Amino acid sequence: MSTATTEKTTQQWQALQRVILPSQSQMDTVPLYMDMGTATGSQLPTLGDGDGQKSKSQFNSSGQEAHVEDFLSRHSTSVRSGERVSFGSYFNAFPASYWRRWTTVDQVRLNVRTQGSGSVIVYKSNARGSLQRVDTQRVEGSMESNFELSLAPFGDGGWYWFDLVAGSEPLVMVGAEWQGPATSSAPGRVTLQITTLNKTDFCINNLRLLGESADAMEHVHEVLIVDQGTQKLTDAEGFDEVRGLLNGKLRVINQSNLGGSGGFSRGMFEAVENGSDYVLLMDDDIVVEPESIIRLLTFADRCKTPSLVGGHMFDLYNRTVLHTFGEVVNPYRFQPSLPSDEMTLGHDFLSSNLRQTSWLHRRCDVDYNGWWMCLIPTQVIREIGLSLPVFIKWDDAEYGLRAKAHGYPTVSLPGSAVWHVSWIDKDDLVGWQAYFHARNRVVAALLHSPYEHGGRVVRESQYMDVKHLVSMQYATAHGRQWALEDVLKGPDGLRDILPTKLPEIRTMLAKYSDSVFKSNPEDFPAPKMDKPPRRGQGVSQPSKVALLPWAAKTVLRQLSSPVTGTSADRPQTTIPHQDNRWWRMAQYDSAVVSNAEGTGASWYRRDPKQLRSLLAESAKLHAALLRDWEKLSRQYKAAMHDLTSIESWRETFREHTQNEVK
């Protein structure tokens, strides 16, 4: 039920979400804010047809691009005579199902202010992505159109949005916003915190965006930068300028490199200490949409129970691509996964907009939100503590699971986002980060897995070791084994090694050629294959049926067969990063392999002696982990409070703080 009116009503309303347009520096992101054309929805299977099948996204049918020259401000645009624009977009559609599920709001009002002739058409969708027209209002001259809309139909999913159609003359949208019933309580205050390590350019850019966004900064108590690098933000060009823009709200804490968990825990700690209602954690290598800060805070203030509210991540180098719409932790495998089989990673809104992508209309309930942008109530921090002292990896997922166990949900809120370097351009499962991936996944599983012996965790961990070893990634395998050794020692030393483990790992890695990178191909001997591939064929991935016997045969060959010919002195081939797969690498004795960033390559060389030693040690450590799982689980759970408490972190910060700058 809706009501369209141009008159004032007795009900008082407050803005929940303003309609926005991209800034001048973000014009490649226009499809996230507005698109052109008719209200084409997604094609859905008819009843009884296609059950269990994934709905297919369609390509944008209009083929039209928005006229960016018609954008008048961040909140106003002109629609050309006879044309139609839609705000059924990521940043401007209203995620009705999220507000219905998690907040006290049960109705909203769409307020649209226009100048000129045309129509305002309101639409909604359901959880399947079916499009429905709700109401239409003809407009002439200067008008204010209001549509009162119920949230009752949005139990499992669905959005509201509106289109503008210009008549015989241009139609100007002066402004529009989605409103909720007014409340008497004051908005919460937030500490906005960024952890950085030698990313001064990113930090200066984001501080400038914040300083130029007065609305976003209105309820920010302070902007806190925790600088753990050697290239100090306070020494960077432009620092004095952005400090002035932030009008005394900027504070920089220089501390030892305690990793992401140490940096973000400092933000949590300081937010509690300064009396903020929330802390908003953000990565350093991002570009923020400032309006997201307002939306996260507004949503969190109206949640039924204190909730962690996170923003999504778009690809910094392909800005219309959404990395993921939400994540859960698979409890049996204890790996991040998508909540629904319909969802896809890396969705490009340029190819398929919100209206045409059915799975985006189903509400996505999550276990955690990445700390590239996540708002956490300080009430939650006081009760459950700060991050585990695990340096990097799994800190955000573990915290979300811990909060959930205490009755505090996490919401990944559509329409709130940052742009961040995507995982496509990184490979953090090899090299120095492999240690933290392996250790912290096991620690999180020891704390939260509902299955005996952690379900598949131990088995999959050993599989990963074998894959790395047959791929000649001996440095990575060595780091993963250090990880298990430290897990088996118990939780007592976890905090002590927080600032020291990374230097130790880097020293170890330098002894292995597969982790020593060189920037020029000429730095390596020219590749030579002593024996050509059989019948000139490349290596193909074994089928699931043949996988186990093939893997066993491959491991046996690598263990027993000596390295012969010229492959000990020169690589047999060069392998691009995207082709670096274990089943392919296992066929070579020597190869030069490029890294994910494309900045260099390293020389992988098969060493049967090294393989035998590392394989035996892996088997030994995994057997011990399986045997001691229940005992270790009890130990880590008993130590949780001490590891994460405000007081224990206070001691760590006291020891590792260098200075503060305001």
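For the range 280-322, the tally of residues that are in contact with an Asp or Glu (Cβ under 6 Å, 6 or more places away or on another chain) and either without any contact (Cβ under 8 Å) to a residue 12 or more places away in the chain or not hydrophobic (A, V, I, L, M, F, W, C) (or both) stands at 2.
If you go through the range 591-609 and keep only what is of a type in the set (D, E, K, R) and buried (at least 17 other Cβ atoms within 10 Å of the Cβ), you end up with R605, R606, D607.
Conditions tested, residue by residue: (1) closer than 30 Å to Y33 by Cα; (2) not assigned by TED's automatic domain parsing to the domain that holds Y512.
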| position | (1), (2) |
| --- | --- |
| G407 | no, yes |
| V411 | yes, yes |
| P414 | yes, yes |
| W419 | yes, yes |
| A445 | no, no |
| G454 | no, no |
| V458 | no, no |
| V470 | no, no |
| R480 | no, no |
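Would you mind telling me which numbered condition in (1) in contact with a Ser or Thr (Cβ under 6 Å, 6 or more places away or on another chain); (2) not in a loop (DSSP other than H, G, I, E, B) L345 fails? Exception for L345: condition (2). Scanning the range 387-399 for any residue that is on the phi > 0 side of the Ramachandran plot and hydrophobic (A, V, I, L, M, F, W, C) turns up at least one such residue.
Here the condition is being surrounded by 12 or more Cβ atoms within 10 Å (Cβ to Cβ) and of a type outside the set (S, T, N, Q); of R634, R612, it holds for R612 alone.
Residues in the range 119-151 that are within 20 Å of R84 (Cβ to Cβ) and among the basic types (K, R): K124, R133, R138. Going by the structure shown, is V134 more than 28 Å from the chain's Cα centre (by Cα), among the β-branched types (V, I, T) and either surrounded by 22 or more Cβ atoms within 10 Å (Cβ to Cβ) or closer than 25 Å to P22 by Cβ (or both)? When the stated conditions are applied, V134 does not pass them.
When restricted to residues that are touching a Ser or Thr at 6+ places or on another chain (Cβ under 8 Å) and either surrounded by fewer than 18 Cβ atoms within 10 Å (Cβ to Cβ) or not assigned by TED's automatic domain parsing to the domain that holds R84 (or both), the range 144-161 contains 4.
I'd like to know if the range 329-337 contains one or more residues that are surrounded by 18 or more Cβ atoms within 10 Å (Cβ to Cβ), out of contact with any helix residue (DSSP H, G or I) (no Cβ under 9 Å at 6 or more places or on another chain) and not charged (D, E, K, R). Taking every residue of the range 329-337 in turn, none turns out to be surrounded by 18 or more Cβ atoms within 10 Å (Cβ to Cβ), out of contact with any helix residue (DSSP H, G or I) (no Cβ under 9 Å at 6 or more places or on another chain) and not charged (D, E, K, R). Checking L164, L171, L110 one by one, the residue that is within 23 Å of G415 (Cα to Cα), more than 32 Å from the chain's Cα centre (by Cα), crowded, with 23+ Cβ neighbours inside 10 Å and outside the structural domain of P409 (by TED's automatic domain parsing) is L164 and no other. Any residue at all in the range 232-250 that is in the same structural domain as G407 (by TED's automatic domain parsing), surrounded by 23 or more Cβ atoms within 10 Å (Cβ to Cβ) and in a helix (DSSP H, G or I)? Looking through the range 232-250, at least one residue is in the same structural domain as G407 (by TED's automatic domain parsing), surrounded by 23 or more Cβ atoms within 10 Å (Cβ to Cβ) and in a helix (DSSP H, G or I).
When the criteria are applied in full, D284 meets the requirement of being buried (at least 17 other Cβ atoms within 10 Å of the Cβ), part of a loop (DSSP other than H, G, I, E, B), under 19 Å from the mean Cα position of the chain (by Cα) and of a type in the set (D, E, K, R).
Within the range 191-217, the set of residues being acidic (D, E) and more than 30 Å from Y98 (Cα to Cα) comprises just one member, D201.
Return yes or no: is V68 at pLDDT 95 or above and of a type in the set (A, V, I, L, M)? Judged against the criteria, V68 is not a match.
Under 30 Å from L494 (Cβ atoms) and not assigned by TED's automatic domain parsing to the domain that holds A477: which single residue out of S618, S633, S613 fits that description? Only one candidate passes the filter, namely S633.
Of the residues making up the range 412-443, those that are under 13 Å from the mean Cα position of the chain (by Cα) and crowded, with 17+ Cβ neighbours inside 10 Å are S412, L413, P414, S416, A417, V418, W419, H420, V421, S422.
Taking the numbered list (1) buried (at least 18 other Cβ atoms within 10 Å of the Cβ); (2) in contact with a helix residue (DSSP H, G or I) (Cβ under 9 Å, 6 or more places away or on another chain); (3) closer than 26 Å to D28 by Cβ in turn, M313 passes all entries but (2). Can you tell me which of (1) within 25 Å of H641 (Cα to Cα); (2) among the hydroxyl-bearing types (S, T, Y); (3) in contact with a Phe, Trp or Tyr (Cβ under 8 Å, 6 or more places away or on another chain) is the one S471 doesn't meet? Only one criterion is unmet by S471, namely (1). Among the candidates W359, W371, the residue that is over 26 Å from L484 (Cα atoms) and either under 17 Å from the mean Cα position of the chain (by Cα) or of a type outside the set (S, T, Y) (or both) is uniquely W359. The residues listed here are G188, G229, G180; of these, the one that is at pLDDT 95 or above, closer than 23 Å to Y98 by Cβ and surrounded by fewer than 19 Cβ atoms within 10 Å (Cβ to Cβ) is G188.
The values are calculated or read from the model by the stated rules, or taken from the named source; none is laboratory data. No experiment lies behind these values; they were computed from the predicted model shown. Don't worry about glycine lacking a Cβ; one is built from the backbone with ideal geometry, like all the others, and counts go over all protein chains shown.
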